[in-house]
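Just so it is clear, none of the values below were taken in a lab; they were calculated from the coordinates. The structure displayed is predicted, hence computed values, not measured ones. All Cβ positions, even for glycine, are placed from backbone atoms using ideal geometry, and neighbour counts span all protein chains on display.
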Amino acid sequence: PVFVGRGADPGHFDGRIDDLFVVGRALTADEIYHIANPLDTNVTEVLLRLRHQDDGDPGPDAGVWIDVT
């Protein structure tokens, strides 16, 4: 059985659990940190240019521009 918010003693967790997920392995300290402190960039749109490296840089309009939202 899995108990959430309760230990082996008769007590219970006196608080709130707002996110819960189960993984099939132990997480590293770094993984736990990044889950608890996600990077919030507030980026809503990205403009991406694709071009071949051998073309050099023929100008700002060269290549294929993709609007990623």
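Using all C-alpha to C-alpha distances in the chain, build P(r) with 10 Å bins and read off the rounded percent in each one.
Percent of Cα pairs in each bin: 13, 23, 21, 17, 14, 8, 4, 0.
Give me the percent relative contact order of the chain, please, defined on Cα pairs under 8 angstrom at least 6 residues apart.
Values: 32 pairs, mean separation 16.2, N = 69.
It rounds to 24 percent for the chain.
Once label points are set 7 Å from the Cα along Cα→Cβ at both Asp67 and Ala29, what is their separation, rounded to one decimal in nm?
4.6 nm
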